[in-house]
1. Quick check on this structure: which one of A:217, A:139 is of a type in the set (Phe, Trp, Tyr), free of Cβ contacts under 8 Å to residues at least 12 places away in the same chain and farther than 13 Å from residue A:59 by Cα?
2. From the list A:45, A:91, which residue is surrounded by 15 or more Cβ atoms within 10 Å (Cβ to Cβ), among the β-branched types (Val, Ile, Thr) and either over 24 Å from residue B:105 (Cα atoms) or away from every other protein chain (no Cβ under 14 Å) (or both)?
3. Sort out which residues of the stretch A:1-30 are within 25 Å of residue B:2 (Cα to Cα) and either at pLDDT 90 or above or of a type in the set (Val, Ile, Thr) (or both), and write them in order of number.
4. How many residues does the stretch A:187-205 hold that are closer than 23 Å to residue A:63 by Cβ and modelled with pLDDT under 90?
5. Can you confirm whether residue B:54 is more than 8 Å from chain A (Cβ to nearest Cβ), open to solvent by less than 10 Å² (accessible area, probe 1.4 Å) and more than 16 Å from residue B:194 (Cβ to Cβ)?
6. Between A:107, A:154, A:119, A:133, which is touching a Gly at 6+ places or on another chain (Cβ under 9 Å) and more than 14 Å from chain B (Cβ to nearest Cβ)?
7. Yes or no: the stretch B:57-64 includes at least one residue that is at pLDDT below 85 and either in contact with a Pro (Cβ under 8 Å, 6 or more places away or on another chain) or more than 10 Å from chain A (Cβ to nearest Cβ) (or both).
8. Which residue out of B:215, B:291, B:242 is of a type in the set (Val, Ile, Thr) and within 18 Å of the chain's Cα centre (by Cα)?
Amino acid sequence: MHLRAVFIALAVMLLALPGFGQTPLIADLSEHQIQITTGFVGTDVLLFGTVDPGSNVVVVVRGPEEQTTVWRKDRFAGIWINDRRMDFGRVPSFYAVRSTAPLDEIANETTRMRHGMGAEFLRLNPEEEGSSAQEVAVFRSALIRNKQRQGLFASGGDNITFLGGQLFRTRLHFPANVPTGFYDVEVFMLQDGRVVHAQTTPLIVRKAGLGADVFFFAHNYSALYGVIAVLLAIAAGVLAAFIFRKS
Amino acid sequence: MNIYLPIAEISVNVFLLLGMGGAVGFLSGLFGVGGGFLMTPLLIFIGVAPAVAVATEANQIVASSVSGVLAHWRRGNVDFRMGFVLLIGGTLGSIFGVWLFGFLRGLGQLDLAISLCYVVFLGVVGGLMFIESSRALFRRRRQSDTRRKLHQHHWLHGLPLKMRFRRSKLYISALLPIMIGFLVGILAAIMGVSGGFIMVPAMIYLLGMPTSVVVGTSLFQIIFVTSSVTFLQSAHNQTVDVILALILLTGGVIGAQIGTRFGTRLRGEQLRILLAVMVLAVCGKLCFDLVVTPDDLYAIGVAGAL
């Protein structure tokens, strides 16, 4: 297993460091960059590190924030139509949380709220005031539900494993539809329900190869891209007519 | 083997796309239709955003109409004068259509507008075609033969700006083809179809063009209208996925050749009745999706995209 080999090698290096044992929390990723190439179907990144014995670990992964609209459909003349909308500013495009034990057992509510541990503790607020708190709650849970269905809000789970009392590791999954941009991977060391140490590691998700070039071209030279798209199609049509001419 | 589509931003199996291109190409070769009305809903079913599906399909239709028009051109079945007049309307219509597309997208009603357009147009055209072809089939059985005029004259022929179309043997107002072109241009932009299923009946029944030049001329102007849609959608909305279009048209070209060969073995009325049933089936499926209660009444969209 490729990732396992990396993990063991890095863990050995960590343990061999001269200052080991003095820094309470050290964590790193097996990769700091995810490249979306033409054959991309999603990928796993290994997160590993060490903490003081007897601590718990929570990992929160957040993608770049974006404005997201939640629509509610209503029935008009028998047809379901997008009717009510609520715009949420600053919604993380991707969110995942991992922990060594169920979150409510290892972190108190204040801690969870402050650090956004669990989708229900994310600060998701509508941009416009004026909706009742109850309504906002319904739209917010719909937002989380839709994000989860798209695989972009990974529901947590106590799936950080310890090796011995200090070494921990977890596998972070990024699906094929992972948004591009700068991610923050926050690692928290908890004792008695409170965060005692934290570390943030950056992660970049970007398009690479032919797909990246096409995307870049389409967005930066839109008009030229349109001309090329038309010329390609005309060339393909002429080629097809030529190949099948005899028949 | 999966491929990540750069503009659609999803990962799809290449063979699924080739198969879809082939199947739709087969049907379009068989029935002599563009197939956009089948491909666009199919792309949406597999998870391509409607905006990308519509714009990309317009790009693919450019290719299939180019190869189609070359065959008709060799047989002299293209009325270029009529084609140019139609495409004046078509280009204007596509500009308006792309603008409308962006406007509806901003309102969050684009998906609904696309579905409704499909239901209405497929329902009307499919229904009419079904009635007409079953009557024709019935008439042929009775072996009765009635002589008909070349075309009917009505108020539409009284409009100003008359022009002579030699190849179509017509002397009619240029406004009429411009209006038809305009309507089809809007449909091409919003529905991602060539609009052949509207254009061809309109040319036969409204303009009174001879059937022999209808398909070639329609294809000729479709090239320009769908090119214009492709360009405008790229420039305005960045929704044309060239990679997706190329994969689809590879399958489509091969399928169309096989379909054309099968098509010559079937009779005209039988073909039309089959096509009508298929059009009505797609219409029914879309209609059902609009009416049935969705699993989740709430949906999300990112600002500036679907």
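1. Selected residue: A:217, the only one of A:217, A:139 that is of a type in the set (Phe, Trp, Tyr), free of Cβ contacts under 8 Å to residues at least 12 places away in the same chain and farther than 13 Å from residue A:59 by Cα.
2. Criteria check complete, one pass: A:45.
3. Correct list: A:30 only.
4. The number of residues fulfilling the criteria is 0.
5. No, not satisfied.
6. A:107
7. Scanning the stretch B:57-64 turns up no residue that is at pLDDT below 85 and either in contact with a Pro (Cβ under 8 Å, 6 or more places away or on another chain) or more than 10 Å from chain A (Cβ to nearest Cβ) (or both).
8. Exactly one residue qualifies, and that residue is B:215.
The values are calculated or read from the model by the stated rules, or taken from the named source; none is laboratory data. Just so it is clear, the structure is predicted and the values come from calculations on it, not from any experiment. Using ideal geometry, Cβ is built from the backbone for each residue, glycine included, and neighbour counts are taken over all protein chains shown. Surface areas here come from the heavy atoms of the whole protein model, side chains and all, with no ligands, DNA or RNA. Shrake-Rupley method; radii C 1.70, N 1.55, O 1.52, S 1.80 Å.
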